[in-house]
Amino acid sequence: MSNDQTPNLPAENARREAVREKAQQVKARQTRARILRRSLVTVGAVAVVAVGAAGVTYALSSRDGRSQALPDVASDDGFVVTAATGIADPLADQTVDGNASALAAEATATPTPAPTTTAAPVDIRVYVDYLSTEAREFQLANAEQLSKWVSQDAASLTYYPVAMLTSKSNGTKYSLRAAGAAACVATHASDRFFAYNHELLVNQPAVDSEGYSDEKLADMAQGAGVSDPDTVRACIEDETFTGWAKAATDRAIKGLPDTEGQALTATPTVLVNGTPYVGRMDDPKEFAQFVLTVDSNAYYSTATPTPTPVPADTPAG
């Protein structure tokens, strides 16, 4: 009787093949899952980077847009006064040399040389930092006569807001923000610039204080009677022109336009036909005399000489 020892090879092979195929299927599923996870992580990382880059780009573009915003009405970084109205009499409540009314009468004498019909307006340029106490003194003393000279076309008056005292406001950069606010009013409500400039100077905060907030600066502009308060407010509160104000200050420190190498070293700096005023900032009489002297010299030095009559030929004797 024989005993068959030959194994059932087809069945065994089939079983092994089934196990192998199942293992391959499991491995394939694991591979696909691993690839999917990697893809999701990669896509997520790319999305995060893209969002972050977009955010940075937006922030930078917004900041650059603000820093590059320029007040179109500025001329060499200054704003010409087109309407010198809307201010109270700065000498009404002051006693200077014991006699305010007499001083006011003397200070407001128009410093235009005769003949007024041919003399060009005197050019007065004032560089102001809205935290400068001397700039406040100059404005208090001279606002009334400056207003009169402009209204009578005896003077061309230009203010240059600068920010030399930015570090003197407990980190709020008040000088810079105030200069930017002045640019907003000059741009969107030029007829109220003189009044707003006057308000910022006369009611300036103390040095080393935080100064006014942007909201308060906008309130002051509205109080000055700007015709489009919403636009002006948005400009001030967005600090649209603070970048320009910083750049304008840097330019002035390097050199003032139309001068022989003069640079801004302090505020106020007052130029009359390009000549610096070095007298007392709180003495309107002294400033008026300086304007008269400079303008007279300019006029007479450029006036056309009257031709000397030529005598007729003497007949020969």
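Nothing in this text is a laboratory measurement; each read-out follows from the coordinates by a stated rule. For clarity, every value in this text was computed on a predicted model and none was experimentally measured. Please note: Cβ atoms are built from the backbone with ideal geometry, for glycine as well, and neighbour counts cover all protein chains shown.
Between SER296 and VAL73, the contour length at 0.36 nm per residue exceeds the Cα-Cα span by 77.3 nm.
Scoring 215-225, 272-282, 151-161, 194-204 by mean Cβ neighbours within 10 Å over their residues and listing the highest first yields 194-204, 151-161, 215-225, 272-282. Taking amide H as placed 1.01 Å from N in the peptide plane, the amide H of VAL73 sits under 5 Å from none that are at least 5 places away or on another chain.
Which whole-number percent is the relative contact order of region 140-225 (Cα, under 8 Å, 6+ apart)?
Values: 67 pairs, mean separation 23.3, N = 86.
Computed value for region 140-225: 27 percent relative contact order.
Close amide-amide hydrogen proximity is noted between SER156 and VAL122, ASP123, ILE124, each under 5 Å apart and 5 or more residues distant or on a separate chain (H modeled in the peptide plane; Pro and chain starts excluded). Multiplying the residue separation of ALA120 and THR133 by 0.36 nm and removing their Cα-Cα distance gives an extension gain of 1.5 nm. Backbone amide hydrogens, once placed in the peptide plane, bring THR269 within less than 5 Å of TYR127, excluding anything fewer than 5 places away on its chain.
Given LYS216/LYS246; LYS148/LYS173; LYS168/LYS254, which pairs have Cα atoms separated by over 24 Å? Table pairs above 24 Å Cα-Cα are LYS148/LYS173.
The order of the peptides 262-268, 185-191 by mean Cβ neighbours within 10 Å, most packed first, is 185-191, 262-268. Other residues with beta-carbon under 14 Å from the beta-carbon of GLN222 carry, at +1 per Lys or Arg and -1 per Asp or Glu, a net charge of -4. A straight line joining the Cα centroids of region 171-198 and region 230-276 runs 12 Å. Phi angles across region 221-229 convert, under the Karplus curve 6.51 cos²θ - 1.76 cosθ + 1.60 with θ = phi - 60°, into 3J(HN,Hα) values of 5, 5, x, 7, x, 5, 6, 10, x Hz, Gly and Pro given as x.
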